[in-house]
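Here the structure comes first, spelled out in structure tokens, and everything after it is commentary.
The values are calculated or read from the model by the stated rules, or taken from the named source; none is laboratory data. Only a predicted model underlies this, so the values are computations on that prediction, with no experimental measurement involved. Cβ coordinates were reconstructed from backbone atoms using ideal geometry, including for glycine residues, and neighbour counts include every protein chain displayed.
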Ligand code: GLA
């Protein structure tokens, strides 16, 4: 485990990088700024390592222009809340920041991705990790309640990146954290991930309007280009003419996972045939946003000078459904005083 200070002492709090390494030589590098995971080095079937997550080299670049949310923790509410408002116990909260047209996206102007998290390196049986803590004051970004969020990152000897979220509040509020890492299993600077096979363990999804806000319907994937129940190359249908897909510029949808509510189970499997690298995603969350990187456009230059073009990385953001605070029939994102929010997601790396 190493840690190196990369900003100047005059800038407080200090933004630093930390590196976790497991017994197999896998490395996961992150910063306390936004809990951003900047490098994930995993082997291919011949044991050759590649860094499979998109990102920048310096914390200053993350601080100044991480508009794509590379690697970041997202909160308080991952994904969208329609019209920047919701009501709880009869009280209306309409002060969320509009950063996606008229809607609220990924926690607002200064979300979890842009704050510095108190970071403590920890280790336990079969893992090295870090505990990140952020105290979000009552009213921050329009959300009620003093919220204390902790996120445990672990890199296990089973080659898993484990994320465990916990939170408490002193007023009723909503909470829906996720991580926004982009992946390319060929390496972040390798061939386009559009050739990856994708499997999503879901028979239903939440259709949206043109702005990505769920309409409230729950549709079957059967017979649509959103059916990933069997693994298939997602690049073949990312430009689908199905208006439910084309209106969002490609895959950028919430799938409803085939498991009991709260149960920890499989969300998705991504596979890159040439390297043999495979990533299985497990979660206790009810949904996953598979986002195909449609908004990347060549304007961001990342590690090693790599220019990230459209769809050069994909995200599998485990979550509750977008806009849940405004839909009583979606699983609830309400967090009450006295309750402890708990959620766990695992990105498991292997080869075939
Ligand atoms: C999420 C959203 C996308 C986009 C990205 C960030 O995945 O669903 O629409 O906003 O974040 O670019």
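When you check residue 68 against the structure, is it part of a strand (DSSP E or B) and modelled with pLDDT of 95 or more, yes or no?
On the way: part of a strand (DSSP E or B): no; modelled with pLDDT of 95 or more: yes.
No, not satisfied.
Identify all residues within the stretch 75-103 that are within 16 Å of the ligand (Cβ to nearest atom), in contact with a helix residue (DSSP H, G or I) (Cβ under 8 Å, 6 or more places away or on another chain) and either in a loop (DSSP other than H, G, I, E, B) or farther than 17 Å from residue 334 by Cα (or both); write none if there are none.
We begin by selecting, within the stretch 75-103, every residue within 16 Å of the ligand (Cβ to nearest atom); these are 75-82, 84, 96-103.
Going one step further and asking which of them are in contact with a helix residue (DSSP H, G or I) (Cβ under 8 Å, 6 or more places away or on another chain), we end up with 75-77, 81-82, 84, 96-98, 102-103.
Matches in the stretch 75-103: 75, 76, 96, 97, 98, 102, 103.
So which residues in the stretch 208-224 are in contact with a helix residue (DSSP H, G or I) (Cβ under 9 Å, 6 or more places away or on another chain) and surrounded by 19 or more Cβ atoms within 10 Å (Cβ to Cβ)?
The answer is 208, 213, 214.
Which residue is farthest from residue 64 (Cα to Cα), if the candidates are limited to the stretch 253-286 and must be touching a helix residue (DSSP H, G or I) at 6+ places or on another chain (Cβ under 9 Å) and in a strand (DSSP E or B)? Explain how you work it out, then say what you get.
So the first thing to find is which residues in the stretch 253-286 are touching a helix residue (DSSP H, G or I) at 6+ places or on another chain (Cβ under 9 Å), and the list is 253, 270, 272-274.
Checking the rest, the ones that are also in a strand (DSSP E or B) come to 253, 270.
Numbers: 253: 27, 270: 31 Å.
Within the stretch 253-286, the match that is farthest from residue 64 (Cα to Cα) is 270.
Looking at (1) surrounded by 15 or more Cβ atoms within 10 Å (Cβ to Cβ); (2) touching a residue at least 24 places away in the same chain (Cβ under 8 Å), which is the only condition residue 265 fails?
Failed condition: (1).
Would you confirm, using the coordinates I've provided, whether residue 244 is part of a helix (DSSP H, G or I) and in contact (Cβ under 8 Å) with a residue 12 or more places away in the chain?
On the way: part of a helix (DSSP H, G or I): yes; in contact (Cβ under 8 Å) with a residue 12 or more places away in the chain: yes.
Judged against the criteria, residue 244 is a match.
Yes or no, residue by residue, for (1) free of Cβ contacts under 8 Å to residues at least 40 places away in the same chain; (2) assigned to a strand (DSSP E or B); (3) surrounded by fewer than 23 Cβ atoms within 10 Å (Cβ to Cβ); (4) touching a strand residue (DSSP E or B) at 6+ places or on another chain (Cβ under 8 Å):
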position: 288; (1), (2), (3), (4): no, yes, no, yes
position: 296; (1), (2), (3), (4): no, no, yes, yes
position: 310; (1), (2), (3), (4): yes, no, yes, no
position: 317; (1), (2), (3), (4): no, yes, no, yes
position: 321; (1), (2), (3), (4): no, no, no, yes
position: 328; (1), (2), (3), (4): yes, no, yes, no
position: 332; (1), (2), (3), (4): yes, no, yes, no
position: 343; (1), (2), (3), (4): no, yes, yes, yes
position: 348; (1), (2), (3), (4): no, yes, yes, yes
